[in-house]
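For reference, the structure discussed in these notes is given below.
The values are calculated or read from the model by the stated rules, or taken from the named source; none is laboratory data. Worth saying up front: this structure is predicted, and the values here are computed from it rather than measured. Here the Cβ positions follow ideal geometry from the backbone for every residue, glycine too, while neighbour counts run over all protein chains shown. The area values use the complete protein model at the heavy-atom level, side chains included, leaving out ligands, DNA and RNA. Shrake-Rupley method; radii C 1.70, N 1.55, O 1.52, S 1.80 Å.
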Amino acid sequence: ELQLVQSRAEVKKPGESLKISCKASGFSPGYNFKSYWIAWVRQMPGKGLEWMGVISPGDSETKYSLSFQGQVTISADKSISTAYLEWGSLKASDTALYYCAALGLMVGDTPDYWGQGTLVTVSS
Amino acid sequence: DIQMTQSPSAMSASVGDRVTITCRASQDINIYLAWFQQKPGKVPKRLISAASSLQSGVPSRFSGSGSGTVFTLTISSLQPEDFATYYCLQHNSYPPIYTFGQGTKLEIK
């Protein structure tokens, strides 16, 4: 079964940059990293789930929710089946648990595979 | 982006109760509405997709209904393990810029 393993927790200062990762493995026969969209989901402390954006590793098509456009960068390296979420200048309000999730390429597919989450803490 | 409004934001109920959570979309999303359950410190788990399609292994006391803009999740007889936070997710958009509802925290009365 598809597994997503995320990078470890990070503690950063405001203004610093950060790139967290999500590595996929365990593909079923006939499937590979290019068979999925990879989404990033934010969960701020004690708050709900927020869909940040997605990337299609096959062609690097990337889309962002309006709230996150210009705030983060999503990328992927299909040669190592890894997606990334990156900040150029962190703010305290970026403190959150970030999940990656995989969904199929068909219209209406749901995020059925989730990483374990990466906790990002931004504090001076 | 499509907006999702979920209600109530919190509720308390007793074991054995029937519970209903509602999710409203800002535009027609056909049947593309999923429900997730999240317990503290755990990854969200999909219960239902396409409004009423139960994920394999999910107890039959969970059911979903609706189409267009109004959807419901019903738990027919609450069990102790059902106390959690529930989120709806519209999965209609393509490319998949989906939207979660704000969540419903279901607590023991």
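At a glance:
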item: Spin-label pair A:Ala92/B:Ile108, simplified geometry with 7 Å Cα→Cβ offset, distance in nm; result: 3.6
item: Distant alpha-carbon pairs in the protein assembly as shown (separation over 22 angstrom), percent; result: 52
item: Under 18 Å from A:Lys78, Cα to Cα: aspartates and glutamates that are on another chain or at least 8 residues apart; result: A:Asp59, A:Glu61, A:Glu86
item: Spin-label proximity, B:Gln27 to the stretch B:42-70 - amide N less than 17 Å from point 7 Å beyond Cα toward beta carbon; result: B:68-70
item: Longest to shortest principal axis, alpha-carbon extents of chain B, angstrom; result: 38, 26, 25
item: Neighbourhood charge, 14 Å Cβ-Cβ cut-off, centred on B:Tyr98 and excluding it, Lys, Arg +1 and Asp, Glu -1; result: -1
item: Extension gain (nm, one decimal) between B:Ser77 and B:Val43, 0.36 nm per residue minus Cα-Cα; result: 9.9 nm
item: Relative contact order, percent, chain A [alpha-carbon distance under 8 Å, six or more residues apart]; result: 36
item: Solvent accessible area, Å² - A:Val11, 1.4 Å probe, full protein context; result: 120
item: Cα→Cβ-extended label distance, 7 Å offset, between A:Lys13 and A:Ser67, nm; result: 3.0
item: Sites B:Ser53 and A:Lys34, calculated FRET efficiency, Cβ-Cβ separation with R0 22 Å, nearest 0.05; result: 0.25
item: Spacing of the two label points (7 Å from each Cα toward its C-beta) at A:Met106 and B:Thr20, in nm; result: 3.1
item: Total formal charge among the other residues, if their Cβ is under 12 angstrom from that of B:Arg61, Lys/Arg +1 and Asp/Glu -1; result: -2
item: Listed residues A:Tyr36, B:Tyr32 arranged by accessible area, highest first, probe 1.4 Å; result: B:Tyr32, A:Tyr36
item: Across A:Lys19/B:Lys109; A:Lys34/B:Lys42; A:Lys23/B:Lys109; A:Lys12/B:Lys42, pairs whose alpha-carbon gap is larger than 31 Å; result: A:Lys19/B:Lys109; A:Lys23/B:Lys109
